[in-house]
Each structure stands twice: as structure tokens, then as C-alpha cells.
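No lab work stands behind these numbers, since they all come straight from the coordinates. Keep in mind that what you see is a predicted model, and the values were worked out from it rather than measured. Cβ placement follows ideal geometry from the backbone for every residue including glycine, while neighbour counts extend to all protein chains displayed.
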Amino acid sequence: MFDRFLSALMSRLEALIGIILAVMVVLVFGNVVLRYGFNSGITVSEEISRYLFIWLTFIGAVVAVHEHAHLGVDSLLNALPRKGKLFCVVTSELLMLGATGMLFHGSWQQTEINMATNSPVAQVPLALIYVAGVVASVMMGVLILRNLYHIVFVGATDKDLILSVESEDLAGLEHATRIFLSRPDGRASPPPGSAEPERRK
């Protein structure tokens with residue numbers, strides 16, 4: 001049940017990333033058009049885009065932890081026996097948990113310090129920037145603890161022993177492969193806007 005909740009939450013976070021990216025495109029592109037075409041502009045465009053980009057980065061990091069999509073080198077891990085892999089994965093998860101703890105501590109301190117400070121143009125509290133670190137560190141900490149629980153108490157599968165990918169292209173290929181295999185008929189999805197070919201009778 002908790003895993004289902006996490007999957008639903010990650011789907012909504014991915015949708016939120018898309019919305020943030022769309023808003024950033026509108027703000028930046030609209031500001032460029034207004035500036036060069038009408039000698040005008042959106043005053044808060046630069047600041048808001050920068051703050052949205054910070055939130056987008058942290059939310060993306062949370063989703064990447066859930067999907068084990070952070071970049072890494074696993075050549076040594078692949079060469080080890082299963083017990084060696086388990087030791088390395090547990091050690092890695094504990095180090096990541098410590099890093100998220102430090103991120104939470106630093107972000108919380110900066111949030112308190114900048115609570116009464118506003119940005120020069122948009123006049124929004126600068127604490128909103130550092131809240132992104134607080135939220136992301138809490139969520140990543142929960143995901144890491146879940147991974148540790150599965151590895152130590154439930155039993156680790158081969159997928160649980162891979163915490164990263166070696167390239168972004170490989171991550172995209174694995175995602176496309178999962179979508180392909182999830183289709184009940186085993187056929188690849190047609191391109192958007194195109195109809196599937198009719199079957200011969």
C-alpha cells in the first residue's frame with residue numbers, strides 16, 4: 001500500500017515538473033518576445049524562472065531517487081558477488097541518508113535566516129528557495145529508508161542492488177523498455193497522432 005502511494009506521488013511530481021517547465025518556458029520566451037518586439041517585458045520573469053528552476057531541480061532529484069535514475073558508475077559493483085553488492089548498496093544508502101540529513105539541516109537553517117528577507121523584484125520571501133531543500137531532503141530520506149527496509153528485511157532483488165545508471169541515454173532506454181513490456185499485446189506503442197495498422201482478416 002505504501003509503495004502504491006509512493007508511485008502515485010511520484011506520478012504527480014512528474015506532472016508538477018512538466019507544469020513548472022511549461023511556466024518557465026512561457027516566462028522566459030514571453031519576456032524575450034516582449035523585450036525585442038515591443039520594448040517591454042515581464043519584470044518578475046527572471047526571478048520567478050530562477051526560483052522555479054531550483055524547485056524543478058530538487059523535485060527531479062526526488063523522482064530520480066525513487067526510480068534509481070541518478071548517474072553513477074557501477075562497474076565495480078557488477079564485478080562483486082551478491083554479498084559484496086549488498087554491503088556496497090547498504091553503505092551507499094547510509095551515506096546518502098547522511099547527505100540528505102545534512103541537506104535538511106542546512107536548508108532549514110537558511111530557511112529560518114531568510115524568512116524575513118524578500119527578493120528585490122518579485123518581493124517573495126527568499127525562504128521559499130530553501131524550503132525546496134527541506135522538502136526534497138525529507139522525501140529523499142523517506143525513499144532511502146524504504147529502500148533500506150526492503151534490502152535488509154524484505155530481501156533485495158537484482159533491481160534493488162542497482163542505485164544508478166551510467167548514462168542518461170541508458171536511463172531513457174530502460175524507461176522505454178518498461179513501457180514496451182507493459183503492453184498486454186507485446187507490441188510497441190504507435191507514434192502520437194497515428195493510428196495503428198488494421199489487422200488482416
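Using C-alpha pairs below 8 Å separated by at least 6 residues, the relative contact order for the stretch 2-182 is 25 percent.
Note on T43/R82: beta-carbon distance plugged into 1/(1 + (r/R0)^6) with R0 of 45 Å gives a FRET efficiency of 0.15.
For the stretch 59-87 versus the stretch 1-29, the spacing of their alpha-carbon centroids is 23 Å.
Close amide-amide hydrogen proximity is noted between S119 and V124, L126, each under 5 Å apart and 5 or more residues distant or on a separate chain (H modeled in the peptide plane; Pro and chain starts excluded).
Ordering V134, V26 from the fewest to the most neighbouring beta carbons within 10 Å gives V26, V134.
The packing ranking, built from the mean of other Cβ atoms within 10 Å per residue, places the peptides 147-154, 55-62 in the order 55-62, 147-154, highest first.
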